[in-house]
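Notes for the one structure printed next.
The values are calculated or read from the model by the stated rules, or taken from the named source; none is laboratory data. Quick caveat, the model's predicted, so the values are computed rather than measured. Here Cβ is always computed from backbone atoms with ideal geometry, including for glycine, and neighbour counts include all displayed protein chains. Accessible surface is based on the protein model in full, side chains and every heavy atom, while ligands, DNA and RNA are left aside. Shrake-Rupley method; radii C 1.70, N 1.55, O 1.52, S 1.80 Å.
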Amino acid sequence: MTSLKIKKRIQELKEGFLRDAAEVRDSKAADALRIRYLGRSGLLADLFSLLGSLPTAEKKDAGRELNELKKQFQESVDALQARFRSAADAACSFDYTLPGDPMWIGHKHPLQIVMSEIQACFKNMGFSVAQGPEMETEYYNFEALNIPRGHPARDMQDTFFIDEEKEIVLRTHTSPVQVHVMENQQPPVRIIAPGRCYRNDTPDATHSPVFHQVEGLCVDEGVAFSDLKGVILAFARSMFGSDMKIRFRPSFFPFTEPSAEYDFSCLICRGKGCRVCGGSGWVEISGAGMVNPEVFKYVNYDAERYTGYAFGMGVERIAMLLYEVPDIRMFFENDIRFLKQF
Ligand code: PHE
């Protein structure tokens, strides 16, 4: 092999590369170009293998030239590949033909839906809506409701204390709203008070440390226990349908006398017994009773002239019954698969 010959071959290789490179239109073709010229058994390697047959003096020059060529080819192929890669990336992120992300339309939480329905129902019966703070003093949460110091309801185990010295707690029920309302207005009173309550309970299928109640209070001349039963029955039937049954069981609350707990018949199993009603056919809703005259003393109501009834209502229990939800915790886990069903 003469140096003239090898120079010619180098020149041809250069021209061939430029021609081929001009034809490259995508990264696959750029890869092929790399293999053809720079591969282990490519055209450049062929020429390198001819170096050995050159006279020593010329070997050095030709070697340098080939190395230079190798560098140039490498750079050209790199540039081509970079160009096609960024074009491909850009095409991906600007593909206007792709469908857009689906839009989630927000809607009400199941507990809010139930609370709105409860409110609508009682508004129809002439009740208005009152509200009170979720952080209460022990006076409103206990004292003025005739729950004396040392009563088990005040126990650390049930109550979340915010500030023990200042006697500030998270309300354990909505009954303190009764006191706020009666402090601010004389009878006749007919209100409901929906809201969040807190108890230091261990969560399970029927207990959650945060839950909702709707309080009811009616005070006027001549209000009787039968009025309470009538209102609860009317509510139960408007919410669940005319075949709903209710029952009252004797109970005790310091702020009502006499007191009761009341249940709704279980519409899931129609009384046969199921998980939600624990096999009894009845679902416990909350407590109720005639307002204890002791409570009237705290709010300056004339207990000789007025009588009243009060009731609580467990919103989660009603929602569980209405939507056949077997576990109260599902309302608070915010699992979109659960929430989007309502
Ligand atoms: N506040 C009581 C509770 O949370 C329920 C109740 C309300 C009882 C009104 C009587 C009257 O258990």
- Message: Checking understanding here: applying a Kyte-Doolittle mean of at least -0.5 and a length along the axis of at least 15 Å (C-alpha), which whole DSSP H helices in the chain pass?
- Response: 27-38, 110-124, 225-240
- Item | Cα pair distances in region 110-339, grouped into 10 Å bins until the bin that holds the longest one, percent each | 8, 33, 37, 19, 3, 0
- Message: Under 5 Å between amide hydrogens, which residues at least 5 positions from H212 or on another chain qualify, with H placed 1.01 Å from N in the peptide plane?
- Response: C197, V315, E316
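Quick one: with all protein chains in place, what share of the accessible area of region 3-92 is carbon or sulfur, to the nearest percent (1.4 Å probe)?
C and S fraction of accessible area: 53 percent.
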- Task: With label points built 7 Å along Cα→Cβ from the Cα atoms of D204 and K70, find their separation and express it in nm.
- Result: 7.8 nm
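Counting Lys +1, Arg +1, Asp -1, Glu -1, what net charge surrounds F84 among other residues with beta carbon under 13 Å of its beta carbon? Intermediate results must be reported in sequence, preceding the final value.
Values: positive: R25, K28, R34, R83, R85; negative: D26, D31, D78, D89.
So the surrounding residues net to +1.
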- Note on the structure: Expected sort for 109-122, 293-306 on mean C-beta neighbours within 10 Å, highest first, is 109-122, 293-306
- Cβ-derived FRET efficiency at R0 41 Å, D220 paired with I162, nearest 0.05: 0.70
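If you roll a 1.4 Å probe over the heavy atoms of the protein chains, what accessible area per residue do you get for region 110-339, in Å²?
On the way: 10660 Å² over 230 residues.
I get 46 Å² per residue for region 110-339.
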- Query: For a paramagnetic label modelled at 7 Å from the Cα of I246 toward its Cβ, which residues of region 106-125 fall within the zone defined by backbone nitrogen distances under 17 Å?
  - Reply: 115, 117-125
- Are there trypsin sites (Lys or Arg not before Pro) in region 1-47 that DSSP puts in a loop and that have at most 11 other Cβ atoms within 10 Å, and which ones? R25, R40
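Which of the three applies to region 3-92, rounded, prolate or oblate, going by the alpha-carbon gyration tensor with a ≥ b ≥ c and a/c under 1.5 meaning rounded?
Details: a/c = 3.04, a/b = 2.85, b/c = 1.07.
Prolate, because a/c is 1.5 or more and a/b exceeds b/c.
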- Item | From phi via Karplus (6.51, -1.76, 1.60), per-residue ³J(HN,Hα) for region 258-265 in Hz, x at Gly/Pro | x, 10, 8, 10, 10, 10, 9, 5
- If the chain between S128 and A45 were fully extended at 0.36 nm per residue, the gain over the current Cα-Cα distance would be 20.6 nm
- Choose one answer from V181, V210, V77: the residue with the largest mean-square fluctuation in a GNM of the chain with alpha-carbon springs under 10 Å. V77
- Under a 5 Å amide H to amide H cut-off, with H placed in plane at 1.01 Å, what residues pair with S280 once short-range neighbours are removed? C274
- Query: Counting other Cβ atoms within 10 Å, which trypsin sites (Lys or Arg not before Pro) in region 223-262 have at most 10 and lie in a DSSP loop?
  - Reply: none
- Scan around S251 for amide H atoms under 5 Å from its own, H built in the peptide plane at 1.01 Å from N, and keep only partners 5 or more places away or cross-chain. S259, A260, E261
- Which of the GluC sites (Glu not before Pro) found in region 215-269 are loop residues per DSSP with 15 or fewer other Cβ atoms within 10 Å of their Cβ? E221
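D101 to K28: FRET efficiency via 1/(1 + (r/R0)^6), r the Cβ-Cβ distance, R0 30 Å, to the nearest 0.05?
On the way: r = 31 Å, r/R0 = 1.05.
After rounding to 0.05, the efficiency reads 0.45.
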